[in-house]
Amino acid sequence: RILTFSLYLLHHGLFFYLFVVRLVDGGSRCAGRVEVLHRGQWGTVCDDDWDMRDAAVVCSELGCGEAVDVLGNAHFGPGSGPIWMDDVDCSGSESTLKNCRSAGLLHKIHFLSFAIYELNILGVRLIGGLCCSGRVELFHGKTWATVCDADFDQQDAEVVCRELGCGAPVEVLGAAAFGRGEGQVWTKELQCRGNESDIHSCETSSKLKHDCSHDNDVGVVCAADIVRLVGGSSRCAGRVEVLHRGQWGTVCGDHWDMRDAAVVCRELGCGEAVDAVGNVHFGPGSGPIWLDDVTCSGSESTLKNCGSRGLGVNDCGHGKDAGVICSGVRLVSGSHCSGRVEVLHGKNWATVCDADFNQQDAEVVCRELGCGPPVKVLSAAAFGRGEGQVWTEELQCRGNESDIYSCPTSSSLKDSCSHDNDVGLLCATKFPDLSKVLTCALGE
């Protein structure tokens with residue numbers, strides 16, 4: 001925790017003022033509306049040009065770990081009183097917000113500052129999903145560490161979601177559901193009661209009960225994330241379900257298309273949409289059908305921003321439940337289940353070198369795309385030469401991962417590759433259960 005004390009210099013002497021920053025109405029001291037104390041009065045900061053660098057300085061000044069998100073438009077409610085700062089422009093390296101450039105306080109002032117640091121500050125973030133879902137990582141000292149799924153429970157999740165301003169936890173996911181982290185696994189066990197305002201207030205044990213690796217990294221979905229995919233082989237493929245009024249319901253597949261699927265994949269942090277499927281491809285859901293006749297442009301940040309008949313208004317049955325297959329991998333120039341292998345890296349698709357791709361890698365790609373097992377791995381640009389970059393890392397999948405991002409990678413390729421070496425893949429196509437098809441055909 002950092003408290004910054006500042007001296008206000010006037011022409012006729014020294015007067016002491018406390019210049020501090022706080023976060024208000026966010027559920028914990030590490031989330032909320034930014035407020036600054038000046039001349040004994042708290043005031044707000046205008047969000048014009050407010051960005052992650054500015055947020056990083058505030059989080060550092062408050063001893064709250066790293067900035068997870070930057071929010072404007074009175075996300076935490078409008079403040080009152082003066083607006084002390086506008087057009088804040090931090091480089092991100094400043095120790096306090098007052099050291100950043102801005103349109104200024106009410107008067108031009110000079111500061112002499114000193115700081116009191118409290119060590120061992122603990123912060124939390126969710127990685128691999130959105131702001132309110134992802135792999136749990138704790139900030140301890142100067143390092144982020146993942147958390148073991150066997151030593152993390154619902155009470156711990158309550159605190160994580162509350163600290164991030166994300167409502168109640170919906171689901172705790174084990175087995176690196178949001179991908180394997182890097183660096184260290186946290187060496188202590190959280191023992192939250194569930195009513196703490198932040199993770200720093202939870203008790204911890206001196207050591208873990210279980211031996212853990214990044215294969216056991218825990219993830220959390222908080223209630224602010226109201227979309228999930230169910231019944232697929234990973235969290236990035238399945239029947240689309242929406243949370244409304246505390247109850248999960250499905251989406252009707254009428255007019256469901258790739259633009260709608262693209263919004264869902266983006267909202268879940270699952271890469272790009274590979275396929276938009278209907279007719280209970282992932283099995284029928286239960287409960288209410290919350291959305292029907294969804295019409296997204298494809299640019300929306302969340303499914304709830306797309307057009308529809310309205311929540312709960314539909315003329316649909318669960319036999320038309322919509323599904324989505326998202327992926328960080330795709331097969332190009334063939335069919336959905338065959339083609340040149342390309343991996344999404346950042347915002348760009350990259351081909352994969354044939355010399356660094358094996359049967360275990362193929363197992364994961366086919367599984368992630370909702371296809372059957374691999375039939376054949378093809379080398380020498382069998383599906384044509386790709387464009388852009390060749391992926392610069394080597395996949396080292398074990399074959400049992402649910403998606404390609406869960407596979408370990410090496411830092412560099414064993415072989416020098418060009419697009420003449422782009423690898424291709426044939427996966428088996430999944431067929432429907434023939435017994436069900438015959439039963440329907442016979443009217444039984």
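No other residue among Val251, Val274, Val242 is touching a Cys at 6+ places or on another chain (Cβ under 7 Å) and either buried (at least 22 other Cβ atoms within 10 Å of the Cβ) or under 15 Å from Ser308 (Cβ atoms) (or both) apart from Val274. Taking residues in the range 22-45 that are at pLDDT below 75, and partners anywhere that are buried (at least 20 other Cβ atoms within 10 Å of the Cβ), the pairs with Cβ atoms closer than 6 Å and at least 6 places apart or on different chains are Gly26/Gly165; Gly27/Arg162; Gly27/Gly165; Ser28/Glu163; Ser28/Asp198.
Suppose the filter is of a type in the set (Lys, Arg), touching a residue at least 12 places away in the same chain (Cβ under 8 Å), closer than 24 Å to Arg235 by Cα and touching a Phe, Trp or Tyr at 6+ places or on another chain (Cβ under 8 Å); does Arg367 pass it? Please lay out each step first, then the result.
Working: of a type in the set (Lys, Arg): yes; touching a residue at least 12 places away in the same chain (Cβ under 8 Å): yes; closer than 24 Å to Arg235 by Cα: yes; touching a Phe, Trp or Tyr at 6+ places or on another chain (Cβ under 8 Å): no.
No: the conditions fail for Arg367.
With the condition kept exactly as written, say whether any residue in the range 219-234 is open to solvent by less than 50 Å² (accessible area, probe 1.4 Å), in a helix (DSSP H, G or I) and over 30 Å from Glu342 (Cα atoms). Give the derivation first.
Here is the first cut: in the range 219-234, the ones open to solvent by less than 50 Å² (accessible area, probe 1.4 Å) are 219-223, 225-227, 229-230, 232, 234.
Those still in the list that are in a helix (DSSP H, G or I) too: none.
Within the range 219-234, none of the residues are open to solvent by less than 50 Å² (accessible area, probe 1.4 Å), in a helix (DSSP H, G or I) and over 30 Å from Glu342 (Cα atoms).
Remark: pairs (first residue in the range 47-59, farther than 18 Å from Pro82 by Cβ; second residue among the small types (Gly, Ala, Ser) and open to solvent by less than 20 Å² (accessible area, probe 1.4 Å); Cβ separation under 7 Å; 6+ apart in sequence or on different chains) = Cys59/Gly65.
Here Pro78 clears all of (1) open to solvent by less than 50 Å² (accessible area, probe 1.4 Å); (2) out of contact with any helix residue (DSSP H, G or I) (no Cβ under 9 Å at 6 or more places or on another chain); (3) assigned to a loop (DSSP other than H, G, I, E, B) except the condition numbered (1).
His281 fulfils the conditions (1) assigned to a loop (DSSP other than H, G, I, E, B); (2) farther than 23 Å from Leu426 by Cβ; (3) at pLDDT below 90 except for a single criterion, (2).
Applying the set (1) at pLDDT below 90; (2) over 22 Å from Cys265 (Cα atoms); (3) in a helix (DSSP H, G or I) to Trp144 leaves exactly one unmet item: (3). Take the residues in the range 391-444 that are assigned to a helix (DSSP H, G or I) and among the polar types (S, T, N, Q); name whichever of them is modelled with the highest pLDDT. Going through the qualifying residues, I end up with Asn421.
For the range 254-267, residues that are out of contact with any strand residue (DSSP E or B) (no Cβ under 6 Å at 6 or more places or on another chain) and open to solvent by 20 Å² or more (accessible area, probe 1.4 Å) total 4.
Please enumerate the residues belonging to the range 178-201 that are under 13 Å from Arg135 (Cα atoms) and in contact with an Asp or Glu (Cβ under 7 Å, 6 or more places away or on another chain). Selection gives Arg180, Gly181. Tell me whether the range 172-183 contains one or more residues that are on the phi > 0 side of the Ramachandran plot, surrounded by fewer than 23 Cβ atoms within 10 Å (Cβ to Cβ) and among the aliphatic types (A, V, I, L, M). Scanning the range 172-183, I find at least one residue that is on the phi > 0 side of the Ramachandran plot, surrounded by fewer than 23 Cβ atoms within 10 Å (Cβ to Cβ) and among the aliphatic types (A, V, I, L, M), so the answer is yes. Where strands (runs of 3 or more DSSP E) sit wholly within the range 307-390, those with at least 2 residues that are over 25 Å from Trp256 (Cα atoms) and open to solvent by less than 60 Å² (accessible area, probe 1.4 Å) occupy 338-345, 348-351, 374-378.
The values are calculated or read from the model by the stated rules, or taken from the named source; none is laboratory data. Computed from a prediction, not measured in an experiment: that's the story for all the values here. Here the Cβ is made from the backbone with ideal geometry for all residues, glycine too, and neighbour counts use every protein chain on show. Calculation scope for accessible area: heavy atoms of the full protein, side chains included, ligands and nucleic acids excluded. Shrake-Rupley method; radii C 1.70, N 1.55, O 1.52, S 1.80 Å.
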